[in-house]
Amino acid sequence: MASSSSVRLLLLIVLVTIPASLSHTILQIPPNRHASEDRKLRADDNLFCDSWRFSVETNDAGTWDSIPSRCVGFVQDYMTGSRYASDSAAVANFSLAFGQAVKLGGDGKDAWVFDIDETLLSNLPYYEAHGFGSVTFDEEAFDEWVDLAEAPAIPASLNLYKGLQRLGFKIFLLTGRSEFQRNATVKNLLYSGYSDWERLLLRGPSDKGTLATEYKSKKRAELITEGYRLHGSSGDQWSDLSGFAVARRSFKLPNPMYYIA
Ligand SMILES: *[C@@H]1O[C@H](CO)[C@@H](O)[C@H](O)[C@H]1NC(C)=O
Ligand SMILES: *[C@@H]1O[C@H](CO)[C@@H](O)[C@H](O)[C@H]1NC(C)=O
Ligand SMILES: [Mg+2]
C-alpha cells in the first residue's frame, strides 16, 4: 500500500516533469466528476439508441438515411458484441420451429425465400471499415467488397438454411444484387458454406431502378405462378418481406446499419 508521503512525492515528480501549461490543463479537470458525467452521457445515449434501434427494426421509423451520430458506438457494440449474434439466433430459432411445423406437400413445391446481404451473408467486415452505417453509402467501394467474395455466413442463418433443406424446402435466393455480381455472389455463398439452392434471383436490366419492395414482390409472384408455395421468407429489410405475394410467414433479421426502401 502506498503511503500518503510517497503519493505526494510521486505527484511532485509528475508535476515537475510535465510543462506548466499542460499540468494546468490536467489539474483543472476534477477526475471523478468527469468520469461519472461521461458514464451518465453514455447511459443517455444507450437508452436513446436502444429506442432508436427498436423503432428502425419495427419499421416505425420508416425511411432513414444513416444511423444517428450519437449511436455509432451503440451500433458498433450491438454488431460486434454478443447481441447481434443472439438476436440472429432467436430469429433463426423461430424460423426453424415454424418450418418444422409445416406439413410439406412432397411435390417439391414447398419453398423458402432468403435475402442474401445481412440475411445469409454478413458484410460486417465492410461496415466496420465504413462507420457501421454512419457514413453515406459508397456503391463503388461496396461493389469492390462484393467482388472479393469474402463475406462470412451469419452462423445462425447457415444453420437455419441447412435445417430447412433437411426438412425438404426448396431454397430461393432473392437479392438486390445485380446480375453482373452473380459469379462473385455464387463464389461467396459457396465459400461461406451455402450450397444447393434451387435458384439465385438477381436484379436484371429490367429490374433496374425499381424499389426493392416492388422488385422482390414481382419475383415472388412469379414463383407462386410456377406453383411454389412460399411458406417462409427471411430478410433483414422490410422491403424483403412486404409488398405483394408475401410468404405465409416473414422473418425479420436485425440490421441497425442501413435501410433499403
Ligand atoms: C436457439 O436455439 C439453440 C438450439 O436449441 C439454443 O441453444 C439457443 O439458446 C437459442 N438461442 C436463442 C437466442 O433463442
Ligand atoms: C461467370 O462464370 C461463368 C462460368 O464460370 C463464365 O462463363 C462467365 O464468363 C462469368 N461471367 C463473368 C461476368 O465473369
Ligand atoms: Mg439484405
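The values are calculated or read from the model by the stated rules, or taken from the named source; none is laboratory data. Just so you know, these numbers come straight off a predicted model, no measurement behind them. Here Cβ is always computed from backbone atoms with ideal geometry, including for glycine, and neighbour counts include all displayed protein chains.
Any residue that is within 16 Å of ligand 3 (Cβ to nearest atom) and assigned to a helix (DSSP H, G or I) - is there at least one of those in the stretch 100-120? Checked against the condition, which is being within 16 Å of ligand 3 (Cβ to nearest atom) and assigned to a helix (DSSP H, G or I), the stretch 100-120 yields no hits at all.
In the stretch 62-76, what residues are in a helix (DSSP H, G or I), polar (S, T, N, Q) and within 17 Å of the chain's Cα centre (by Cα)? Passing the criteria: only Gln76. Among the residues of the stretch 158-171, the one identified as more than 20 Å from the chain's Cα centre (by Cα) and within 16 Å of ligand 3 (Cβ to nearest atom) is Ile171. Screening Lys170 on (1) at negative phi; (2) at pLDDT below 95 shows it passes everything except condition (2). Looking at Arg177, Arg229, Arg203, Arg199, just one residue is under 26 Å from Gly131 (Cα atoms) and of a type outside the set (Gly, Ala, Ser), and that residue is Arg177.
Evaluated against (1) within 16 Å of ligand 3 (Cβ to nearest atom); (2) assigned to a helix (DSSP H, G or I), Asn59 falls short on exactly one condition, (2).
Taking the criterion of being outside any strand (DSSP E or B) and surrounded by fewer than 19 Cβ atoms within 10 Å (Cβ to Cβ), the residues of the stretch 161-180 that qualify are Lys162, Gly163, Gln165, Arg166, Leu167, Gly168, Glu179, Phe180. Every residue in the stretch 47-104 that is more than 16 Å from ligand 1 (Cβ to nearest atom), free of Cβ contacts under 8 Å to residues at least 24 places away in the same chain and within 30 Å of Phe169 (Cβ to Cβ), please. Across the stretch 47-104, the qualifying residues are Thr58, Lys103.
The residue of the stretch 247-261 that is modelled with the highest pLDDT, among those that are assigned to a loop (DSSP other than H, G, I, E, B) and among the small types (Gly, Ala, Ser), is Ala247. Filtering Asn183, Asn123 for residues that are free of Cβ contacts under 8 Å to residues at least 12 places away in the same chain and either over 23 Å from Trp238 (Cα atoms) or within 16 Å of ligand 3 (Cβ to nearest atom) (or both) leaves a single hit, Asn183. Of all the criteria given as (1) in contact (Cβ under 8 Å) with a residue 60 or more places away in the chain; (2) over 12 Å from the mean Cα position of the chain (by Cα), the one not satisfied by Ile154 is (2). Checked across the stretch 128-140, the condition of being more than 14 Å from the chain's Cα centre (by Cα), buried (at least 21 other Cβ atoms within 10 Å of the Cβ) and not in a helix (DSSP H, G or I) holds for no residue.
Inclusion of Asn159 among residues that are within 16 Å of ligand 1 (Cβ to nearest atom) and either without any contact (Cβ under 8 Å) to a residue 24 or more places away in the chain or among the polar types (S, T, N, Q) (or both) is warranted.
Within the stretch 185-218, the set of residues being assigned to a helix (DSSP H, G or I) and either surrounded by 18 or more Cβ atoms within 10 Å (Cβ to Cβ) or within 16 Å of ligand 1 (Cβ to nearest atom) (or both) comprises Thr185, Asn188, Leu189, Asp207, Ala212, Thr213, Tyr215, Lys216, Ser217.
Inside the stretch 186-196, residues that are touching a helix residue (DSSP H, G or I) at 6+ places or on another chain (Cβ under 8 Å) and more than 16 Å from ligand 3 (Cβ to nearest atom) make up a count of 3. May I ask you to verify whether Ala151 is away from ligand 3 (no atom under 16 Å from the Cβ), in a loop (DSSP other than H, G, I, E, B) and not charged (D, E, K, R)? Considered against the rule, which asks whether it is away from ligand 3 (no atom under 16 Å from the Cβ), in a loop (DSSP other than H, G, I, E, B) and not charged (D, E, K, R), Ala151 comes out as no.
Residues considered: Ala89, Ala97. Of these, the only one that is surrounded by 13 or more Cβ atoms within 10 Å (Cβ to Cβ), at pLDDT 95 or above and over 12 Å from the mean Cα position of the chain (by Cα) is Ala89.
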